[in-house]
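Data block below; observations after.
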Amino acid sequence: MQKNRKLIIVGDSAFAEIAYEYFVNDSEYDVVAFSVEQTYLKRDSLFGIPIVPFESLGRFYDIATHEVFVAVVYTKLNRLRTRLMKSAKQKGYKLASFISPHAFVWKNVKMEEHCFIFENNVVQPFVQLGNNVILWSGNHIGHHSVIQDNNFISSHVVISGYAEIGENSFLGVNATVTNNVKIGKDNWIGPGVTISKDTKPGALYGPYQTEPSRVTALRFFDVED
């Protein structure tokens, strides 16, 4: 694949490292730098590529020839990623997106800027993705659903048809949203939680956890050591 576009990744944590791998191996982007805010600049390079202060990014890399992706997770309900994304755009940089070639995204899906779709996602017909949406690995996004701006959908989440996910929300691993349900903005849906009715803005649904049986696994399977 020809590397005919230049990219700066904002961040230097685990997501930044993962984003680097995907952009380098499965996109037309040449990653030329990482960038973090001056306060958090603790090292000079990552993977042999320079890490530069975000505040002075324009001094190092021309806005006309470089694009930016902010590889930050759901910190403060996605506010940190959103702030840095907007700041990069205000500096004049075009915002990059990534769609894994190993994802299934139907041809009439509408997607705004600065999105990242990992491998094994299924995004069905007539889905709408807003700005700054992260779909981690292996999700099912059902037909006619809408995921609004600044959302983080973790892994193996099922969003059924005609659902709507309000902005600035997080859906944990194995969460399920049933048909025609609207998730309010600023929601945190914990791992394994099933949502079958509309939620209010700012709702928090903790992870579903079962209590362990009083009988141990060793006793149940009659294991003697």
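The values are calculated or read from the model by the stated rules, or taken from the named source; none is laboratory data. No experiment lies behind these values; they were computed from the predicted model shown. So basically every Cβ, Gly included, is an ideal-geometry build from the backbone, and we count neighbours across all protein chains shown.
Couple of notes before you dig in:
- For the range 175-191, a residue qualifies if it is of a type in the set (S, T, N, Q) and at positive phi, and exactly one does: ASN180.
- Qualifying residue in the range 105-119 (condition: among the hydrophobic types (A, V, I, L, M, F, W, C), in a loop (DSSP other than H, G, I, E, B), buried (at least 20 other Cβ atoms within 10 Å of the Cβ) and not assigned by TED's automatic domain parsing to the domain that holds GLY58): yes
- Boolean, LEU41 is closer than 24 Å to SER155 by Cβ, among the hydrophobic types (A, V, I, L, M, F, W, C), modelled with pLDDT of 95 or more and surrounded by fewer than 18 Cβ atoms within 10 Å (Cβ to Cβ): no
- Filtered residues of the range 42-71 (kept if among the aromatic types (Phe, Trp, Tyr), closer than 16 Å to LYS6 by Cβ and free of Cβ contacts under 8 Å to residues at least 60 places away in the same chain): PHE47, PHE60, TYR61
- Qualifying residue in the range 69-90 (condition: out of contact with any Asp or Glu (no Cβ under 9 Å at 6 or more places or on another chain), modelled with pLDDT of 95 or more and in a strand (DSSP E or B)): yes
- Any hit, the range 1-24, residues being farther than 29 Å from ASN121 by Cα and of a type in the set (A, V, I, L, M, F, W, C): no
- In the range 194-211, the residues that are charged (D, E, K, R) reach residues that are in a strand (DSSP E or B) with C-beta atoms within less than 6 angstrom, at least six apart or across chains, in these pairs: ASP198/LYS182.
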